[in-house]
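To start, the structure itself, in structure tokens.
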């Protein structure tokens, strides 16, 4: 039986980079499909008649080939192939300096490199490769990618998430085991290298707290007290999670009005299946009390996946409790987005209405929900009611202008 292959949305962009001289860096959490993309790109390069070489630096044999001094590695890479693929490149000592030397030599060798985005990777990319690389973040499967799997529905996606390895598994037990293994590998390989051994258990507790409180406003002081960590330590752990693409934080939107929350944050883990694994809850969404958070998280991650350099995502809440789930700021213009589960009629949520009245420059609002589609007016401005699935390809996010 031929294993199923998912065509990733980002593939065409990366394929176009084969003929570009800059270093192409693929970053993302473990097991989101970076290695599979590199291997597919290698096949494409070979079909174009290009000589390639592939190194997986988690294999001791491959790492040994690149264990010489700077000059030896430079000569090996520039003489071995026209397109070089290096998986988990952070294991390569002085990787960024070697990449810089290859780029600056104008020898015509193209490099694709992937990493699980440790703090060291970010440091080297900023300091040594400025202007010489293009970074692409690889996420779990999006909803439209997931739909390439036969006979799936949105409930399946909300239950299991979008980790690519799931597509080859048939039973619930196998899927649960895979997701648990991904969490364990993250703690064992990435986190133990960055924090003290005795704090790994506290870090694991933090993962659970974030999963449990996903989408809610959770002050760092409260989390620190619950887990038993000092606030500066907790802040550092959250930073590590951000740099390893495990957890994203969303800050509050404020126009400096007195009644708005200004320093609050919400947190979202990178995949719903991983969250469900941490919570040990794989019930179908309609049977869960946190059904609304599953829908909100689904919308968040698809907005996040479509982000452009001139965009950011925030949320809005007042001291009186008025709120909007997400504010997409595009070219400094706010666009309010609310997520509801099931609506019985197209009624504009009070928080979204209040935001649009408070911020007349917001051109329109969006209400994502399971069952209604249409448009209502708030004064002269439209509020679009859209199905949850439409968040996967939102016109607002498709262009920079």
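Tabulated values for the structure
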quantity: Count - residues of region 365-383 that are under 26 Å from the mean Cα position of the chain (by Cα) and assigned to a loop (DSSP other than H, G, I, E, B); calculated: 1
quantity: Scan of region 63-81 for residues that are farther than 19 Å from residue 115 by Cβ and in contact with a strand residue (DSSP E or B) (Cβ under 7 Å, 6 or more places away or on another chain), ordered by number; calculated: 80, 81
quantity: Residue in region 196-203 that is surrounded by 21 or more Cβ atoms within 10 Å (Cβ to Cβ), modelled with pLDDT of 95 or more and part of a helix (DSSP H, G or I) present; calculated: no
quantity: Helices (runs of 4 or more DSSP H) wholly inside region 33-94 that include at least 3 residues being under 27 Å from the mean Cα position of the chain (by Cα) and closer than 30 Å to residue 142 by Cα; calculated: 34-47
quantity: Per-region count, region 382-401, residues touching a residue at least 60 places away in the same chain (Cβ under 8 Å) and surrounded by 13 or more Cβ atoms within 10 Å (Cβ to Cβ); calculated: 8
quantity: Matching residues in region 333-347 - criterion: being at pLDDT 95 or above and within 26 Å of the chain's Cα centre (by Cα); calculated: 333, 334, 335, 336, 337, 338, 339, 340
quantity: Flag for residue 386 being under 22 Å from residue 302 (Cβ atoms) and not in a strand (DSSP E or B); calculated: no
quantity: Flag for residue 70 being buried (at least 17 other Cβ atoms within 10 Å of the Cβ) and modelled with pLDDT under 95; calculated: no
quantity: Flag if residue 280 is surrounded by fewer than 14 Cβ atoms within 10 Å (Cβ to Cβ) and under 22 Å from the mean Cα position of the chain (by Cα); calculated: yes
quantity: Only listed residue being under 17 Å from residue 264 (Cα atoms), touching a helix residue (DSSP H, G or I) at 6+ places or on another chain (Cβ under 6 Å) and surrounded by 22 or more Cβ atoms within 10 Å (Cβ to Cβ), chosen from 324, 299, 339; calculated: 324
quantity: Restricting region 7-23 to residues that are assigned to a loop (DSSP other than H, G, I, E, B) and in contact with a helix residue (DSSP H, G or I) (Cβ under 8 Å, 6 or more places away or on another chain), the residue that is surrounded by the most Cβ atoms within 10 Å (Cβ to Cβ); calculated: 8
quantity: Any chance residue 230 is free of Cβ contacts under 8 Å to residues at least 24 places away in the same chain, crowded, with 18+ Cβ neighbours inside 10 Å and more than 28 Å from residue 339 (Cβ to Cβ); calculated: no
quantity: Subset of region 275-303 (residues that are within 16 Å of residue 172 (Cβ to Cβ) and in a helix (DSSP H, G or I)); calculated: 276, 277, 279, 285, 287
quantity: Scan of region 82-100 for residues that are surrounded by fewer than 20 Cβ atoms within 10 Å (Cβ to Cβ) and closer than 20 Å to residue 51 by Cβ, ordered by number; calculated: 82
quantity: Tally of residues being without any contact (Cβ under 8 Å) to a residue 60 or more places away in the chain and not in a helix (DSSP H, G or I) across region 131-178; calculated: 9
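For every residue, the table says whether it meets (1) modelled with pLDDT under 95; (2) surrounded by 15 or more Cβ atoms within 10 Å (Cβ to Cβ); (3) touching a strand residue (DSSP E or B) at 6+ places or on another chain (Cβ under 8 Å); (4) in the same structural domain as residue 251 (by TED's automatic domain parsing).
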position: 319; (1), (2), (3), (4): yes, no, yes, no
position: 349; (1), (2), (3), (4): no, yes, yes, no
position: 362; (1), (2), (3), (4): no, yes, yes, no
position: 372; (1), (2), (3), (4): no, yes, yes, no
position: 380; (1), (2), (3), (4): no, no, no, no
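The values are calculated or read from the model by the stated rules, or taken from the named source; none is laboratory data. Just so it is clear, the structure is predicted and the values come from calculations on it, not from any experiment. Heads up, the Cβs are rebuilt from the backbone with ideal geometry, glycines too, and the neighbour counts pull from every protein chain shown.
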